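Structure first, commentary second.
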Amino acid sequence: TGVEFTVDTTSSLVWTGSKPTGSHTGNLMITNGMLTVTGDAVSAGSFTIDINSLTNHDLSEDDGKSKLIGHLKSPDFFDVEKYPTAKFEITSVAPHTADSTAVLKDANFLISGNLQLKDSTKNVTFPAKITMEGNTLKAAADFNIDRTLWGMNYKGPNNPQDWVISKEVNLKVNLNATKKG
């Protein structure tokens with residue numbers, strides 16, 4: 001048992017995918033979630049991501065913005081018709097001290113959890129900065145996942161067209177949560 005915090009819709013998830021000719025960045029909406037704090041640390045939690053909310057920030061319509069979004073929502077990648085949401089569920093939280101090579105220099109916890117995308121669930125571990133002030137909790141993370149572990153392959157895993165797209169996708173998560181009740 002602990003104190004529950006409700007994740008609110010001001011939370012954000014920014015994605016960046018890349019290929020040799022450049023990268024694309026956009027957002028996904030976090031629609032709901034809950035974090036549990038025991039003592040002075042997050043002990044459990046989960047949140048849901050609306051894959052249909054996928055946006056792109058770096059292209060104009062003339063440069064293929066709608067085409068990119070449509071392709072990312074297609075069965076080649078997220079397959080939103082079958083899998084409109086994704087989910088992350090925390091499995092462990094441990095104290096962490098970031099070193100000088102860390103992307104998130106002030107990370108204070110190491111979070112492990114199950115990330116469900118499409119019909120696959122894989123465990124991911126990443127450093128995060130978690131702060132609590134009064135009735136507010138904020139969590140920030142910046143990490144990479146290998147999209148192919150969730151079956152996101154353009155025209156199949158052995159297609160040369162898929163090889164030019166980086167397997168690594170960067171995720172920047174900023175959660176805002178408020179104490180329940």
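Is there a residue in the stretch 17-30 that is in a helix (DSSP H, G or I) and over 20 Å from residue 133 (Cα atoms)?
Within the stretch 17-30, none of the residues are in a helix (DSSP H, G or I) and over 20 Å from residue 133 (Cα atoms).
So for the stretch 95-106 (the condition being touching a residue at least 60 places away in the same chain (Cβ under 8 Å), surrounded by fewer than 17 Cβ atoms within 10 Å (Cβ to Cβ) and assigned to a loop (DSSP other than H, G, I, E, B)), does at least one residue qualify?
Checked the stretch 95-106: no residue is touching a residue at least 60 places away in the same chain (Cβ under 8 Å), surrounded by fewer than 17 Cβ atoms within 10 Å (Cβ to Cβ) and assigned to a loop (DSSP other than H, G, I, E, B).
If you check residue 87 against the conditions, is it within 17 Å of the chain's Cα centre (by Cα), closer than 30 Å to residue 181 by Cβ and among the basic types (Lys, Arg)? Full working, then the answer.
Details: within 17 Å of the chain's Cα centre (by Cα): yes; closer than 30 Å to residue 181 by Cβ: yes; among the basic types (Lys, Arg): yes.
So residue 87 passes the test.
Would you call residue 179 at negative phi, over 15 Å from the mean Cα position of the chain (by Cα), in contact (Cβ under 8 Å) with a residue 40 or more places away in the chain and surrounded by 13 or more Cβ atoms within 10 Å (Cβ to Cβ)?
Yes.
Count, please, the residues in the stretch 33-74 that happen to be under 20 Å from residue 132 (Cβ atoms) and either surrounded by 13 or more Cβ atoms within 10 Å (Cβ to Cβ) or touching a residue at least 60 places away in the same chain (Cβ under 8 Å) (or both). It would help to see each step written out before you state the result.
As a first pass, look at the stretch 33-74 and keep what is under 20 Å from residue 132 (Cβ atoms): 33-47.
Retained after the next criterion (residues that are either surrounded by 13 or more Cβ atoms within 10 Å (Cβ to Cβ) or touching a residue at least 60 places away in the same chain (Cβ under 8 Å) (or both)): 33-37, 40-47.
Of the residues in the stretch 33-74, 13 are under 20 Å from residue 132 (Cβ atoms) and either surrounded by 13 or more Cβ atoms within 10 Å (Cβ to Cβ) or touching a residue at least 60 places away in the same chain (Cβ under 8 Å) (or both).
For (1) modelled with pLDDT under 95; (2) under 12 Å from the mean Cα position of the chain (by Cα); (3) in a helix (DSSP H, G or I), each residue gets a yes or a no:
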site: 113; (1), (2), (3): no, yes, no
site: 116; (1), (2), (3): no, yes, no
site: 122; (1), (2), (3): no, no, no
site: 126; (1), (2), (3): no, yes, no
site: 129; (1), (2), (3): no, no, no
site: 137; (1), (2), (3): no, no, no
site: 141; (1), (2), (3): no, yes, no
site: 145; (1), (2), (3): no, yes, no
site: 148; (1), (2), (3): yes, no, yes
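Residue check, residue 136 against (1) within 20 Å of residue 14 (Cα to Cα); (2) surrounded by fewer than 17 Cβ atoms within 10 Å (Cβ to Cβ), all met but one. Which one?
(1)
Which residue is surrounded by the fewest Cβ atoms within 10 Å (Cβ to Cβ), if the candidates are limited to the stretch 13-26 and must be polar (S, T, N, Q) and at pLDDT below 95?
Quick first cut of the stretch 13-26, residues polar (S, T, N, Q) only: 16, 18, 21, 23, 25.
Still in the list and also at pLDDT below 95: 18, 21, 23.
Values: 18: 14, 21: 6, 23: 11.
That would be 21.
The values are calculated or read from the model by the stated rules, or taken from the named source; none is laboratory data. Remember, predicted model here, so these are calculated numbers, not experimental data. Quick reminder, even Gly has a Cβ in these numbers, built from the backbone with ideal geometry, and neighbours come from all protein chains shown.
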